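J.: First the structure, which I've put down as structure tokens, then a few questions once you've had a look.
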Amino acid sequence: MSLPSQALESADAALGDGLDVLSAAIPTHVAIIMDGNGRWAARRGLPRIEGHRRGVDAVRRAVRSAAELGIRYLTVYGFSTENWSRPPSEVADLFGLLKRFIRNDLADLHARNVRVRVIGDRTGLSPDVLLLLDEAQDLTRRNGGLTLVVAFNYGGRQEIARAMRALARLVRAGQLDPDAIDVEAIGSALDTSDIPDPDLVIRTSGEMRTSNFLPWQTAYSEFVFLPDLWPDFDDRAFRSAIGQFMGRDRRYGGRGAKAV
Ligand code: IPE
Ligand code: IPE
Ligand code: MG
């Protein structure tokens, strides 16, 4: 795995022992586009599902790292609305892995005080999947540790369209004035209404696009694109991405901290 040494140095400096003064710059919410499972498997002559399996191990590692780093929200993009266009056998494998992940890991996540949230379109998901997703959310609802947001059957444009329909219904019912539809009103109609916007989005596998992931919520997020394939993503890669994030000057249209 190759990592930019400068980024690693800054991550080590920032995240090393005893440098609490810098911990304020740790992102509150990190969202990850976990990409490259298929290529990881292909490079080894293995079936794609092997890459997806190892991808689940990488999710477990990422949850552990995020909790250790003091990140409050970790969102993982598990299945996009566009992923339905894959062969049915691969779609079935991905749903099988989601179910196995929840069955195997829910008790452990709960024991580690992780709160699970699910975003995405519930319609189109089978009753057994919905039951498991609800169980995960219900069991961990009151946990105060890391919030793990699982984006499953998630598409950002579809989410916005769903939110617009909900607002339109309120207008039709006379419960909402169209002039009251502002940025906050739209944000509160999205699946992520109770989740702060991502500070940092990480995409693995070298692809530099967002693939319909949180288009509204990432308007001011920082993006880090890593060459690593998702199954290879580990604590070191995570810290490297955080280190890059910490070196950014978030200006939000203003002049920023480093302005001269
Ligand atoms: C990411 O790996 C997992 C999902 C999109 C579900 P891919 O399956 O997209 O892997 P590549 O991009 O083909 O290597
Ligand atoms: C994005 O990866 C979706 C997930 C990680 C779940 P894809 O591999 O589906 O994205 P594209 O097709 O390369 O844009
Ligand atoms: Mg991909």
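J.: Calculate log10 I(q)/I(0) of the chain for q = 0.09, 0.12, 0.16 Å⁻¹, where I(q) comes from the Debye formula with a single equal point scatterer on each Cα and nothing for solvent.
T.: Taking Cα atoms of the chain as identical point scatterers yields -0.43, -0.76, -1.31.
J.: Label-point separation (nm) for Gln137 and Ser85, each offset 7 Å from Cα along Cα-to-Cβ?
T.: It works out to 2.8 nm between the two label points.
J.: Between Arg236 and Leu170, what is the spin-label point distance in nm, taking each point 7 Å from the Cα along the Cα→C-beta axis?
T.: 4.9 nm
J.: Averaged per residue, what accessible area in Å² does segment 201-260 show with a 1.4 Å probe, protein chains only?
T.: Numbers: 2890 Å² over 60 residues.
Value for segment 201-260: 48 Å² per residue.
J.: Assigning unit charges at the beta carbon (Lys, Arg +1; Asp, Glu -1) and nothing else, what dipole magnitude in debye, to the nearest 20, does segment 99-251 show about its Cα centre?
T.: Using only the charged Cβ atoms, the result is roughly 160 debye.
J.: Quickly estimate the mean residue ellipticity at 222 nm for the chain, helices only: each DSSP H run with n ≥ 4 gives -39500 (n - 2.57), and the total goes over all residues, rounded to 500.
T.: Result for the chain: -14000 deg cm²/dmol, rounded to the nearest 500.
J.: Over all directions, what mean area does the Cα convex hull of segment 29-77 project, stated in square nanometres?
T.: 3.3 nm²
J.: Moving on. Counting Lys and Arg as +1 and Asp and Glu as -1, what is the net charge of the other residues whose Cβ lies under 13 Å from the Cβ of Tyr220?
T.: Details: positive: Arg248, Arg250, Arg251; negative: Asp197, Asp199, Glu222, Asp249.
With Lys, Arg at +1 and Asp, Glu at -1, the net is -1.
J.: Could you look at segment 26-92 and say what percent of its accessible area is carbon and sulfur, using a 1.4 Å probe and all protein chains? Present the calculation step by step, with values, prior to reporting the outcome.
T.: Values: 1500 of 2930 Å².
Roughly 51 percent, rounded to a whole number.
J.: Let me ask something else. In the neighborhood of Asp35, defined by Cβ-to-Cβ distances under 11 Å, what is the net charge if each Lys or Arg adds +1 and each Asp or Glu adds -1?
T.: +1
J.: Still on this structure: Bins of 10 Å, beginning at zero and ending with the bin holding the largest distance: percent of Cα pairs per bin for segment 204-245, please.
T.: Taking all Cα pairs of segment 204-245, the binned fractions are 26, 52, 22 percent.
J.: Would you look at the GNM of the chain, springs on alpha carbons closer than 10 Å, and say which of Val91, Val224, Val171 moves the most?
T.: Val171
J.: Now for a different question. At q = 0.14, 0.21 Å⁻¹, what log₁₀ I(q)/I(0) does a Debye calculation on the Cα points of segment 57-176 give, no solvent, two decimals?
T.: Results for segment 57-176 at q = 0.14, 0.21 Å⁻¹ read -0.67, -1.21.
The values are calculated or read from the model by the stated rules, or taken from the named source; none is laboratory data. Computed from a prediction, not measured in an experiment: that's the story for all the values here. Don't worry about glycine lacking a Cβ; one is built from the backbone with ideal geometry, like all the others, and counts go over all protein chains shown. Side chains included, ligands, DNA and RNA excluded: accessible areas come from the protein's heavy atoms. Shrake-Rupley method; radii C 1.70, N 1.55, O 1.52, S 1.80 Å.
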